[in-house]
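Trainee: First, the structure itself, so that you have it in front of you.
The values are calculated or read from the model by the stated rules, or taken from the named source; none is laboratory data. The structure presented is a predicted model; accordingly, all values stated were derived computationally and were not measured. Reconstructed Cβ throughout: ideal geometry from the backbone, glycine too, with neighbour counts over all protein chains shown.
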Amino acid sequence: MQKLRLRLPALLAMAVLLPPAAQAQQQTIYTFVAEWHVPRAQWGAFTDAAMKNTVPVLERLVADGTLVEFAITASVVHTEEGPTHTSWWSAASFAGVNRALGELLKVSQLAEFSSAKHRDHLLRSVIYESSKTAKLTSGFGHLGLTRVKPGKARDWRELYDKYNKPVYDKLLADGVILGYGVDVESIHTEDPGNRMSWFLAANAESVDKVDAAIAAAQQQATPVERRAISAAFADVTVPGSHRDSLDRIIYYVHK
């Protein structure tokens, strides 16, 4: 699945584990994701229709506080059955997400593409960190999907907080990325163990900086430590389950 998001490697260097109080303070964000598999000949028409019909509705709902952000994106790395385009919007409540869905259905914003393959996801954030007030007409999102073994969700979260989160916190503080997080499905249409880790970047150079920061963090650990960290992640995740997707931002707004 797409949602405009990120790659997250399983091996990072040592860092301090966040206390439970810090985790409890994080706001839950709900995100509705609409994925489309549009024939190549219609890519331009699909983007034009989304910009004409979808964007004005979602911009109005960001402006009045119903939504915190939304995006229209296109896949960069295509797969045979995967989506070519995605629209998504986020709110601090399911009511906000549902209001946006209702407003979009009123305008029949993509009716001319009703024959295109389509599916939806309703997500809930496990971690959500974002900068404020952004508008982009370019950039990238990277999503990394990993499946956690049954009964290992808490263990996986502790490993993420200890080894991964500090790197992304610094990248966000330095302005390299616009946001990052981890989502799960609120309505399960896929495996409940899936964890979708993501980040947003304003340009390709920022994506390179993320890769460099991850590599630098890895180098801070000794070879023995790196093997131990890799083994710890392997113990809590399903072998071979990791998948990545890369999206190009067509339009993105964050209040």
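Trainee: In region 65-74, is there at least one residue being farther than 28 Å from His188 by Cβ and either within 16 Å of the chain's Cα centre (by Cα) or modelled with pLDDT of 95 or more (or both)?
Mentor: yes
Trainee: A further question on this structure: Name the single residue, out of those in region 36-95 being hydroxyl-bearing (Ser, Thr, Tyr) and surrounded by fewer than 16 Cβ atoms within 10 Å (Cβ to Cβ), that is nearest to Glu129 (Cα to Cα).
Mentor: Ser93
Trainee: Are any of the residues in region 109-122 of a type in the set (A, V, I, L, M, F, W, C), surrounded by 12 or more Cβ atoms within 10 Å (Cβ to Cβ), within 18 Å of the chain's Cα centre (by Cα) and within 28 Å of Arg157 (Cα to Cα)?
Mentor: Yes, region 109-122 contains at least one residue that is of a type in the set (A, V, I, L, M, F, W, C), surrounded by 12 or more Cβ atoms within 10 Å (Cβ to Cβ), within 18 Å of the chain's Cα centre (by Cα) and within 28 Å of Arg157 (Cα to Cα).
Trainee: Shifting gears a bit: Considering every residue within region 212-234, establish whether at least one is in contact with a strand residue (DSSP E or B) (Cβ under 8 Å, 6 or more places away or on another chain) and modelled with pLDDT of 95 or more.
Mentor: So far as region 212-234 goes, no, none of its residues is in contact with a strand residue (DSSP E or B) (Cβ under 8 Å, 6 or more places away or on another chain) and modelled with pLDDT of 95 or more.
Trainee: Pick out the one residue from Asp169, Asp155 that is surrounded by fewer than 21 Cβ atoms within 10 Å (Cβ to Cβ), acidic (Asp, Glu) and free of Cβ contacts under 8 Å to residues at least 60 places away in the same chain.
Mentor: Just one listed residue meets the conditions, Asp169.
Trainee: Moving on to the next point. Just give me the residues in region 230-255 being among the hydrophobic types (A, V, I, L, M, F, W, C) and either within 13 Å of the chain's Cα centre (by Cα) or in a strand (DSSP E or B) (or both), in sequence order.
Mentor: Leu246, Ile249, Ile250, Val253, listed by residue number.
Trainee: For Ser245, state whether it is farther than 24 Å from Glu35 by Cα, out of contact with any Asp or Glu (no Cβ under 6 Å at 6 or more places or on another chain), modelled with pLDDT of 95 or more and among the hydroxyl-bearing types (Ser, Thr, Tyr).
Mentor: Considered against the rule, which asks whether it is farther than 24 Å from Glu35 by Cα, out of contact with any Asp or Glu (no Cβ under 6 Å at 6 or more places or on another chain), modelled with pLDDT of 95 or more and among the hydroxyl-bearing types (Ser, Thr, Tyr), Ser245 comes out as no.
Trainee: Next up: Can you confirm whether region 147-154 contains a residue that is under 30 Å from Ile214 (Cα atoms), part of a helix (DSSP H, G or I) and at pLDDT 95 or above?
Mentor: Scanning region 147-154, I find at least one residue that is under 30 Å from Ile214 (Cα atoms), part of a helix (DSSP H, G or I) and at pLDDT 95 or above, so the answer is yes.
Trainee: In region 162-213, what count of residues is obtained for those that are of a type in the set (A, V, I, L, M) and assigned to a helix (DSSP H, G or I)?
Mentor: 9
Trainee: Okay, next question. Val148 passes all but one of (1) within 30 Å of Trp43 (Cβ to Cβ); (2) in contact (Cβ under 8 Å) with a residue 40 or more places away in the chain; (3) surrounded by 13 or more Cβ atoms within 10 Å (Cβ to Cβ); which number fails?
Mentor: Result: Val148 fails condition (1) only.
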